[in-house]
Structure formats: C-alpha cells, structure tokens
Amino acid sequence: MNKVDAMGVSGERRKLGVVTELRECGLGWQGGVRTALAFALCVLMVNQPLMAAGNQDKRGPTAQKEGGVAQSKVEIRIEHALNRLTFGPRPGDVAAVEKMGLTEWFEQQLNPEKIDDSALDARLQSQFPAMFLSQQELMVRYPGQQVIRQLSMREERGAGMGMGPMAPGRPGVRGRFAQLYQQNQLSIPNDPAERAIYADQIALYKEQQQKKQEKDAAAAANGANTMDSGAPSGGQMMSDGTVSGSASAQAPAPIERRSAKKDAQAAPSQSSDAMSGGMPDYEAMAAGKDMKAGQQSAALPKSDVSDTSAPDAHVDKLYRDLEAVKILNLPPDERMRRVIAMPPKDFLAFRQSLSGPELAQFGQGLSGQQREIFAAMQNSTRMVGAEEMQVRMLRDLESNRQLEAVMTDFWLNHFNVYVRKNQNEPYLIPAYERETILPHALGKFEDLLVATAESPAMQVYLDNWQSIGPNSQAAENGGRAAARAQNPQVKAALKDRGLNENYARELMELHTLGVNGGYTQADVIQVAKVFTGWGIEPPVRGAAFQFDERKHEPGTKVVLGKTIKEDGMKEGLEVLHMLATSPATAKFISTKLAVRFVSDDPPPALVERMTQAYLKSDGDIKTVLRTMFESQEFWAPATAHAKVKTPEEFVISAVRASGAQVNNSLALVAALDKLGMPLYGMQTPNGYSWKSEGWTNTGALVNRMNFALVLAGDKLPGVRTDWTRLTGTVTPRKAEMANADGGNGYIDPEVAAKERRLETILLDQPLSEKTRMAVLSQSNDTTAAIQAAKEFQTGGGGLLGGGGGQLAGLFGGGGPAAAAALRNQQQDDRQAAIMAGLMLGSPEFQRR
Amino acid sequence: MASRGWNSADVSDWGCDICGRDAERRRVSRRVFMKNGALALVGTSAIPAFLSRSVLAEMTTAAANKKKLVVIFQRGAVDGLNVVVPYTEQNYYAMRPTIAVQQNEVIDLDGHFGLHPQIAGFKPLFDQGHLAIVHAAGSPDPTRSHFDAQDYMESGTPGLKSTEDGWLNRALEAAPEEKASAFRAVALGAQVPRTLQGKMPAIALNNLADFSVGGRGQTTSPISNAFQAMYDQSTDTVLQGTGQETFEAVKMLKAANPAEYKPLAGVEYPAGAFGNSLKQIAQLMKANLGVEAAFTDIGGWDTHQNQGGANGQLANRLTEFSTAIAAFWRDMGDDAENVTLVTMSEFGRTARQNGTGGTDHGHANVMFVLGGAVKGGKVYGKWPGVENEQLNEGRDLAVTTDFRTVLGETAYKTLGAKNLEVVFPGAKVRPAGFLGLMRG
C-alpha cells in the first residue's frame, strides 16, 4: 500500500513515520496510551530547550539526561567547550577533560607545543612522506602537468634544444625553459622510480593528446561545432586547466578488462600461449627504460592501442592480465620494482587492468613512499592534491592539538586559496598549510598576515605574482623588448604588462579591514603598487617566494592617508603592519572569530571586548580567544547549541563521535565535496560561510542523513565503526525481539539501554522523546545503510575526479569494492548501527 | 497522487496546544490564525517563514500558470565587453591591445555589436527573435567587491546589506500561488543561493538521482520516515522547517521520477556542472513538478590575468556557458515558449586590459534574456560609449540600465509578480519603465 495515499485517506493516521511504521507492523499504539504519552512528551519537549541550553542556575548540581545518564554542570560545560573549540568530542573526551580541569585543558590547547601529537605526526610522515618535502623537492620529484607537457613536447622534437614555434602570448617562457634545461634544472632524473614518474606521465600525456587529436579530427570531419575543450594552447604558463580534466580522461573500461582477466585466469594454457607469442620480457624492457621509453614502447609489437586489430588486442589483454596477477602476488618491494621497470605503455595497461580490490591488494604492504610513487606515475598532481586533503582531514580528525586544528581550519578559510586555481596550486598548498598557516594559527595576527602575503599559494591564487609596476624596470625592459618584438601580440603583451589589483583589494576587504573598513578604489591601486615585485620564482624552479626589485613600482605611495616612502619590499611590510594593527581589522577578525565560536549573530559587547583584547595585545590570537573563553556570553544559555554545524564540522564531528577508526580519509574528503564544502575547494576568496544559512537546505539535509547512515553502517571505505566496542556489554538482540512491544508501547529494555548508551556517546543533549521513538522503531532496519550508500556515492567529482575511488584503494581503504575486500570483520551490531545513524542524522546532531 | 504536502496530510491533534511549534500544522489553529488576519502579518518578520508560507498557500487564489523563469548567475564578473563586443569603437581596440575580439572574429548582430565567436550558438536564437541582449546594465552601487556586488544583486537591494531575502523569492511572494509545489523554486547546487532565500520555500539540490534518504525505490524508505518523524517534531525551528520541505520534496521526486526525462534527441549538454544543472532543470520542468523559478550559477569569470581574446580562458568559459543554454533551450522543446531565461553577473570588468593580460573589476555588463515571449533580435539599453571620457570613473563601462529593470520585467511578465515594490523595494521599477523586452 502506498503510504502517502494511506495517510491521505485515514484520518487517524499520522504522517509521522514512526507511528505509521509501528502500525504497519501491527504494533500501533492504542488510543489512550497514545494520548497520555503524547501529553507527557509535550511537557518534556517544552522543558527541553531550557535543559538543552545548559542553564546551570536552574538545574541544580546535576542534570538528568532523559536517557538516564547523569550529567553534571561541569560535564555540560566541558561538552560545550569541546563542541566549540574542537572538531567535536570523541568517546571519553569529556571524562579526560574533567580529570584535567577545563581551564587547564583550554590553556594547554592554547599552547599546542605542550601537547604530545607524535603519534599523528609519525603516522602522517610514514603515510604521506611527500607532504613533508620542501615545496621545490615536491615539484621536482612529482612533476605537475606543466612540466610533463613541456618535457613531452621537447621529446617529440627530439633531444635537440630546439624549442619549437613560439607560443603566442607567452614570450620568453620557452626560452627560459630551454635555459633551465641547459642548466640541468629541469631534467629527467636518474633514480629509476623518479624516472618512471616522469616517463609514465609523459606517455600518458601523449596518449591523451593523441586521443584528443583524433577526437578533434573526427569532430572536424563531422563538421560539428565542437567546443574548444581548453586544450593547453601553449598560451598559458599558468593554465586554467583543472586537475580533474586529466583525471576524467583517464577513465578506463574496467568491466571489459576485468572480464578479460577472468578468461585469463580460467585458461592459463591459452595465456601462456599468448605469452610465448613473441611478447618481450619485462626484464629486457626494464633494462632499456629511459627517456626514450616512449619511442621504445612505440616500437613494441601491437603496443599502439589506437590501431591494434581486435584479435591482437585480445592477446595483449590476456597477456597483461596474467602478468598483472603475477605481479600482485609478489612481495611488496619486488612488486614495486617490476612496476617501475615497466615501459610506460605497459604500465598504463597494467594500471588500468586493476580492479578496485586488486588495486587494494597492490597497495598492501607498500610503504607510504612506494604508494606515492605508484600513484604519481599516473598523475602526480592528483596524488599531491589527494594527499594534502587527506592530511588536513586526518589532522582535524585525530590531532590532540584540536584548538590548533580548528584555528588552522579557520585561517585556511579566512585566507582562502583554491586548489584548482591552476595546475601549480596543488603543489603550493602543502607548504601553505604546514609553514604559513599552522605555525601561526595561535600566534600574532600580523605574523600570519605577513606569512600569507609571502606565501606562493596566495601570491598565485590572487594573481599578485604577475603584477608589475607600470614604471618599474621590468615594465621598461618589457617596453624595449616590445619595441624589438616582431609578433604584434608579443609586442603588445610586453608593452602592456602592469598592475593587477586582485590581491590588494582582497587583502583589505577580506583579510584585514573588512569591506566597510574605510578604504577606497584609490587605496586599492596604491596597495597594488606597493605589492608589485612580491611574487614567486618560476614554478619550474620550485615557485619559492621572492621579491623582484625590477618589477617593483618606484616612488612614494599613499595608503589610507599615510605616506609610504619608496623602500622596496619594506613598503609592503609597512602596509601589512598598518593593516594588522588597524582597529577595523581588530573588529573584523574578532567578529569573525565570534561568529565561528559563539553564534551567527554574536553579542556586540563580546565582540567589542575581543576587539579591545586584540588591540591591547598586538593582535595576539591567543589573547583574543582567551577573552572569548572567559566571557559570560560564551557560556550563556543562549549560546549552547546555537551553531548549526557546517558540512565540514558535521562530517568530522560525526566520525569523532562514533570513535571510528580512519584508515583512509579520502572517502571523508569526498563526502565534503558532496556536501558542498570541499577542502581547498572554495573558488572565491571570501571562503565558506560560518553561518547556518546556506548550510541548512533540503539537498544538504538529505546528504547529511545519508552520510550518517553510511558512516554508522560501516559502509564508508576506509572508515571503520565498531558499535559493539562502544556500546559495551549490551548484547544485540534479535530484531523481532526488539520491537515485541505487544501493542503496549513496550520496548525491549536492552534495546532501550543500548539506545541510551549511544545517545550518551554521540550526543551532548538528550534526544527529544519523539526522536528517540523514531530511533527505537527503526532499530531492526538493517538495510538502510546499504541503501544510503547508493545515494551517497562519493566516487566521482571533485579534485580526485573519477580516480578518487581508485586512489582510495591504493591508500588502504578503497572504493566500495576495495573496502569490501579489505574488511576483515563484518559489522555485527546492525541494530546499534542503525540507531547511531539516525542519531548522527538527527536535528540534535546538526548543532554544536 | 493524493499528497498535497503536510498541510493536508496532517489532521491529527496531539492534544497539547502549548506545543506551539506544530500549531500551524493543525487545521484548528490555522483557522484561528486566519480569522485573526494572519495575512496582514505576511511580510513581517514577526511570524516564522513556514507559517506565512502555509497561510499563503491556503489563501491565495492566483491562477496557476505554466510560465517558468530561469535565472543564471555568472559569478566572478564576466567581461561583458568581450562577450557582446562594440566592434566599431576604436577605443575598445585601443584599450585592449592583446585581448580584444577582432572585427573579423566577431559575429555581427546589428552593425555595432558583435558576439564573441565562442557564443556563436546564440546567433540563431537572436535571429529567431528569442534572444534579447541588454548592454551596459548593472547595479547603481559602485562597489567593486565581488561579494558585496553579488549580495546586492541577489538581494535586489543595492547598497542595503540588511535585506534578508532574495529578489526571486520575493517575486514568487508577489505572485502568489494557490497550490505552491515544493519544487516551485529550485536551485541546482549545494546551497540555496541568496537570490532564492526568503519566506517562500526553495529547494537546493545537486543531483536528482541522489535526492532520497536511505533508498531509491518508488516509496520512501522506513528510515526516511523515521528521519521525517525526528525533524517534524524537532523544536529546532530552522531545521524543522527545512526538514519538512526536504521530506515533501523527496516524496514528490520519487513519484514524478524526473530521471526518466532524457534530453530530446540530438540535444547534447556540455560536460561539466553547468550543463548538468541546466539538464536537470529541464528534467524537473518536464516532470511537471510545478517549477516556476529555477536558479543556477557558473563560475570562472574572474579573469584578472591572461583572459585571452577570441580564444583562451574567457572563450572557454563562454563555450560552456552558451552551448549549455542553447542545449537547454532546444531540450525544452515546445515548452520553451513558456520559459524565460535571464543571465546576470555582479559587475563588468575594466574597459582597459590590465598589466597581466586580463581585466580588473569594473562596472556595467551585458545581460541575456531568452524566452518564448521575449522580443529578441535586438540589443537593448542606451549605449554609453567607451571613449575615455565616457567611462565610469575613467575606467569602466557606465551603467545605463538598472539590472532591476530587466529582472523586474521578466518577473512581472513571466511569474506575474505585479507588485514590483515587493520584489525591488524602493527601486521604483514600473511597467512604464520596462525596456519592452517581452510581450505581455
């Protein structure tokens, strides 16, 4: 029967899902019981806001959670503090803070260097060694698409130094590249692994280019008005092409390959026939693997996919698949050695032949660096992008220095950068997080401001690295070069280089003064002049920050009425000092902090006190936070649960609350994509909103509920929940027992006890009785998480492109299939899982 | 199907009038409210949004029409001077030595303006009279902040930050609908945009196929019903209201199954989020879910550096932009005559190119209006010129048409939002001042 219709015709029927469900099970409440209970519930609910608000004065020494769990005033305060100052309490956190004392805990959090975080550090360093390389080393070891493109063009032209036709609009770049080659600053490394990373990506790039050319040719033949898909036109040193662009081009045809592999396994003799059919030996190929690998593999029989005849392709596949299985069974080091030794073409085929579980199998036992190399051989940029997000997610989830993590997140949002700005930005973000933001997260605002101004990530994101003083030496040189240039476009490009206002404007509007902070368009132009010369070294040389005097606009500038004498880079520092110490900045920052930590519309008196604290302490962030922590407003009843969690806060707090073991955070990174708040994914420099509006809408709620079910149901790849461990001694009961209420509203006491235990673990306020009833009524629905997993597929989209799931497999969690393969233990307490899923998706859990 | 949403389904009485939070969902209380003249309160902030909504739904009598308004926001400030190019102006070329679209590259419209070659797909629509162009349109507010300017455009109140709702939401309010569908206003994206925030319910969704809790199927899953029970009964007014909208929308979507509406033969949306959004808007509209206003946006227009001319960054964005819109138009088939689509962007860009082969934040811009009732084939608006002395503050195209005049006409003639004072308070947008972009 259609439930909607049933509700429409039956006057007695509530649309309320719980009751409908109970009735459909023949377990509906009888009238009298229902009315009486309903009244009681109403009374309870009227009281609830008071209780939830933690109004200690009216509550006496201890408050009784409805679930029967005693909660002291202290506990309520601690939960509030943990909700606001951390990414949410984990099981046991409240007790730990209580033992230590709340004030002591807060002071310790303000001084993160005093908190041991070595376990996390060790884990991150062993799992993601690339994230701890210097920026230059990262760019050299794991070259981005720009380098790959350059090298592959060079290779196509042979080993000579001829740099080919000059690309319009990019004067000098090729020339510089040629120079770098000569200086050996950009060359194919000799280390076999590093070499493979270059060679395989170049091969992949060529394959993609060829496919694209074929497609374009076909389209041209059809006379269709195809879109220019933004091919690297050579016109952009900093291409606007996105990382996912190359990711999507890589999608293999896994089904076909996998079935072919089954054939191979089923008919080994046939395969060995294929083996003996003249295919070259891997070892032999490995020996010859160098930068000519492209040509060499092109010389291999039947290796050119595009014109391979069908039977040959079949033989090829059989061979590869059998070989793939062999490789998977090798010990880790040998496995890697074989893969590194493969010619690029074979590597690509091998990689694409792996199914999710096979990929996970391949990843087993590999060191962090080996995994990185394997991923980088296909797409270094994607590997780097995926790792920086995993690191950020893991830190937020697991750092003991939670306030530092929260503040790092806050400043990363305040000083927003966008990972897809261009193909270099992903390489600049690890240092941005590690060296620019995190060390200053609880320090002086001015230090942080200067660090961001000098960071390559910000220089590139807001275009300042390209800004040139109109009267600078660089502009003059450009003018002279323009006069000499033959190509009119090059001529004009050189002649018209000059200011870019982007950074100057956002520096004042978004980083410091705020939009009404009293600056004008004239100030924007003056500040832009001040910051000319601030920039980066060429990306191919590592993109470190540099001040280039030749680009700096000479002369005196006037900013906000103050005269800035000509003084090179110091002008910028003087302006940053002015901005950092401005009362407008103090207020702007204090307001933003109060919105993050207190309420969407924070009390003006509190903001004013924080502003004063900022000004008196020279912009000391610790002092501002302490002022807030010690304020009466922070602890006021109206403040409790006043904040709706952002998707990021929701996801992280849910994982923390459930005590999940996160082997791989990629699925959580992907979940944030899906919930509309991808890490490093805000394109515009204002960052994400800390206010509830915008995050509370229909689509978002649907996604949150599905995420909650998927997480609690242990269906999130790489994230293990274990409710049996958490709920302890309460034994799961058979489903039919759970709801054997005999029509009297009776709920199995053990189920009820488990529900309460979960409530205590997951929530810091009691559920309303209705919510609790809804939870209990569903405790025997064990398919929901599986269904929700279908709704909440996180494989596609985002930076990771279609490759997210594949990378996940490699990093030890896996896509859905890989996860299944890796999971050694089935979720045994589905009853608890479904109840927990409902709680994490409940209105109560959406607040902090 | 019988569902008319929660206000008809909920006929129970919990016997507990002190629970004010669900009072509006009980008929008795609603009648009391109406007797006391609740309508008079509509529009004040004194009553919760969901309450005024239900009262409106009950009381209003405006006939349903089949007209639909699609609003597209180009976030980041598109460079209008390179989109619809004043190709006869010498100074345009003088100011843009490397990024101008050359005379032999533009697609001529009227002997003065020409389309960027990458939006050639608009030319047939223009020739057929479906597409009108308004040049030098924009906001009277001088801000060059993306976020303020977007905020002002979306709220429809330039210079006024305290406005809480968006102009399109108010346009729906000004065009009351007796049986407002949960899908009356939809935004494709993760969030309800400022444009659609307000008293009238609006749905945000990313992907039609995912819009279901704990299972797809034709009916809602038990777990979804359990969640619904939680949210229905929540004392959390923000989440409770959103929850109600959510679950009603989920049910409607399951019943209508818009996924079965594939694009018409031969229609191909470009890959990417924007094409996907327009495709799904078409699906929702074809599924007769009662969509009247749809919103989506497309970013990537903030071309401070290396924006290119006939080819390059901006050109690539324009390709995606125009092919998606053209595909949508064709996909709507016969129903396209009931559709009006309007595009906007927070401001234009500097008339002169900057020092990095791009353009900085400017002022006036170009808007497109596409629709069955549009009197197209014409570039509307007074052209201010791009001689140095004609530029706003000596650097940007000057605004000669207030963007609200354009939006007001489309809302008036498409949605029937006759009370433009509600839509654009204080703007004095009047039918007499319309540009005459549309019939009706």
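We did not get these values from a lab; they are worked out from the coordinates using the rules stated. Bear in mind the structure is a predicted one, so any value in this text is a computation, not a measurement. Here the Cβ is made from the backbone with ideal geometry for all residues, glycine too, and neighbour counts use every protein chain on show.
Odds and ends about this structure:
- Residue A:191-residue B:265 FRET efficiency (beta carbon distance; Förster radius 45 Å; 0.05 resolution): 0.25
- The reciprocal of the average 1/r between distinct C-alpha atoms defines the Kirkwood hydrodynamic radius, which for the range A:460-604 equals 16.6 Å.
- Distance between modelled label sites at residue A:480 and residue A:337, nm, 7 Å Cα→Cβ extension: 5.8
- DSSP-loop GluC sites (Glu not before Pro) across the range A:572-672, with at most 16 other Cβ within 10 angstrom: A:630
- Whole-number Å³ per residue for the convex hull built on Cα positions in the range A:412-540: 123
- Model label points for residue B:257 and residue B:421, set 7 angstrom from Cα along the Cα-to-Cβ axis, are 4.9 nm apart.
- The stretch between residue A:208 and residue A:566 holds 123.9 nm of extra length on full extension. This uses 0.36 nm per residue minus the Cα-Cα distance.
- Cβ-Cβ FRET estimate between residue A:125 and residue A:100, R0 fixed at 22 Å, reported to 0.05: 0.20
- Computed from the alpha carbon positions, the gyration tensor of chain B leads to an equivalent ellipsoid with semi-axes of 41, 23, 19 Å, biggest first.
- Förster-model FRET efficiency, 22 Å R0, residue A:516 and residue A:693, C-beta, rounded to 0.05: 0.60
- In this label model, residue A:663 and residue A:369 are separated by 2.4 nm, measuring between points 7 Å along each Cα→Cβ vector.
- Alpha-carbon Rg/Rh ratio, for the range B:125-225, with Rh computed the Kirkwood way: 1.09
- Dmax and Rg, reported as Rg then Dmax, of the range B:197-308 (C-alpha, Å): 17.1, 55
- Here's the picture: a label point sits 7 Å out from the Cα of residue B:209 along the beta-carbon direction, and within the range B:243-264 the residues with their amide nitrogen under 12 Å of it are B:259-260.
- Gain upon complete extension [residue A:400, residue A:447; 0.36 nm per residue less C-alpha separation]: 14.5 nm
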